[in-house]
1. So how much slack lies between Asp296 and His128, counting 0.36 nm per residue of separation and subtracting their Cα-Cα distance, in nm?
2. Treating the beta-carbon of each Lys and Arg as +1 and of each Asp and Glu as -1, no other charges, what is the dipole magnitude of the range 214-255 about its Cα centre, to the nearest 20 debye?
3. Where both partners of a DSSP beta bridge lie in the chain, what percent of those bridges are antiparallel, to the nearest 5?
4. Compare the Cα positions of Thr102, Tyr130, Gly50 along the charge dipole of the range 40-130 (+1 at Cβ of Lys, Arg; -1 at Cβ of Asp, Glu; about the Cα centre) and return the one farthest towards the positive end.
5. Can you check how the C-alpha radius of gyration of the range 127-168 compares to 2.2 N^0.38 Å, as a plain ratio?
6. Treating only the Cβ of Lys, Arg, Asp and Glu as charged (+1, +1, -1, -1), what charge dipole size does the chain show about its Cα centre? Round to the nearest 20 debye.
7. What is the gain in length, in nm to one decimal, between Arg387 and Gln357 on full extension, counting 0.36 nm per residue of separation less the C-alpha to C-alpha distance?
8. In debye to the nearest 20, how big a dipole does the range 121-245 give about its Cα centre with +1 on each Lys and Arg Cβ and -1 on each Asp and Glu Cβ?
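The values are calculated or read from the model by the stated rules, or taken from the named source; none is laboratory data. Source: prediction; values computed, not measured. Cβ placement follows ideal geometry from the backbone for every residue including glycine, while neighbour counts extend to all protein chains displayed. The area values use the complete protein model at the heavy-atom level, side chains included, leaving out ligands, DNA and RNA. Shrake-Rupley method; radii C 1.70, N 1.55, O 1.52, S 1.80 Å.
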Amino acid sequence: MQAKELKSSDRPLAAEPTRTGELPFHDLKTQYRALKDSIDSRIRRVLEHGQYIMGPEVKELEDKLAAFAGVGHCVGVANGTDALLIAMMALGIERGDEVITTPFTFVANAEMIALLGARPVFVDIDRHTYNLDPQLLEAAITPHTRAIMPVALYGQCADMDLIGEVAGRYRLPVIDDAAQSFGATYKGRRSGAFGTISCTSFFPSKPLGCYGDGGACFTNDDNLAARMRQIRVHGQDKRYHHALIGLNGRLDTIQAAILLAKFDVFPDEIAARARVASRYDHALRGHVRTPVIRGDCTSVYAQYTIEVNDRDSFVSSLKQEGIPTAIHYPIPLNLQPAFAYLGQGPRSFPNAETAAQGVVSLPMHPYLTLAEQDCVIQTVLSAVDPRRSPSHAARG
């Protein structure tokens with residue numbers, strides 16, 4: 001059976017429910033109900049043919065995602081963290097090398113650099129977009145620099161042209177971490193098409209997510225694609241012949257099948273996310289710091305992240321009203337104990353450290369109904385201005 005058709009109109013993708021309990025931050029249950037026939041059919045097909053490892057759905061998904069991103073190759077891998085690791089292994093990153101990245105991201109970026117024996121070198125973020133600031137990039141390059149790894153935070157691509165210009169002058173590969181931006185665009189091109197290798201994640205809460213772990217690497221380089229395919233299966237170029245040191249980094253067939261079902265409606269879900277973000281923007285701008293999307297970009301809004309002054313009080317106020325929040329990310333990587341050896345303590349990266357103290361993400365998914373979103377908006381406005389709260393109005 002075909003997936004339920006979703007229209008890119010002003011209506012939400014789900015019927016208006018009667019709200020009970022806490023509003024979901026990511027509503028995967030409603031998404032599953034909308035796509036149940038297609039997802040179940042895809043899973044049954046895998047159960048019937050029994051090719052659970054590297055089954056035909058993996059290749060089908062890779063072909064569709066490569067075409068969507070506009071690149072020559074997509075290599076499905078076990079998760080987004082493995083995608084970063086496999087990309088660096090394919091590029092020959094090793095002990096003693098340096099890889100430049102941002103301190104304002106999930107730990108996986110610096111973690112995988114360090115795991116290979118290389119040294120993470122942090123560059124501060126642009127205060128408006130939260131992405132790596134290209135203007136600061138060149139000063140961080142040394143004779144030991146072997147790659148640059150920007151991160152597309154919150155759903156918006158980094159300034160890949162400027163990053164690419166600097167990388168080109170020093171003949172450095174760029175590994176674009178597109179785990180939060182897959183489906184977004186930069187200057188008319190889709191995320192996944194930038195850098196020497198682009199990596200993404202299919203973690204369940206991502207805009208395109210599976211029901212477990214999954215990821216992918218994208219490239220236009222035939223040789224790099226071949227190396228990454230070998231690395232993900234223990235370095236094999238043929239059965240029991242290991243030409244490279246690799247790892248067990250394959251994408252499961254069932255996860256690929258689920259992604260294929262979800263991919264059918266992915267463009268509609270991207271449009272729905274944009275509508276949710278637009279309503280948030282209109283209602284909240286001027287009351288809190290709302291996302292800044294560059295004019296040459298679109299965002300897939302992996303998160304809708306605002307900044308507030310007294311975050312603890314703000315989060316507590318929303319929690320009391322059953323509105324969940326998340327903080328991406330409360331501690332910059334330079335201040336994480338695991339990276340204390342780098343010797344970059346407080347005030348090393350002021351933009352990242354300031355953002356980390358104030359950012360908070362609101363419920364964001366394509367099935368958020370108008371009533372649910374209105375509830376979030378009103379609660380946010382009351383939290384930042386108590387005069388708007390019903391209790392204050394009653395007292396007045």
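1. 59.0 nm
2. 160
3. If I count the DSSP bridges inside the chain, around 65 percent turn out antiparallel.
4. Going by the charge dipole, the pick is Gly50.
5. 1.16
6. 420
7. Contour length minus the Cα-Cα distance gives 8.3 nm.
8. The calculation lands at about 520 debye.
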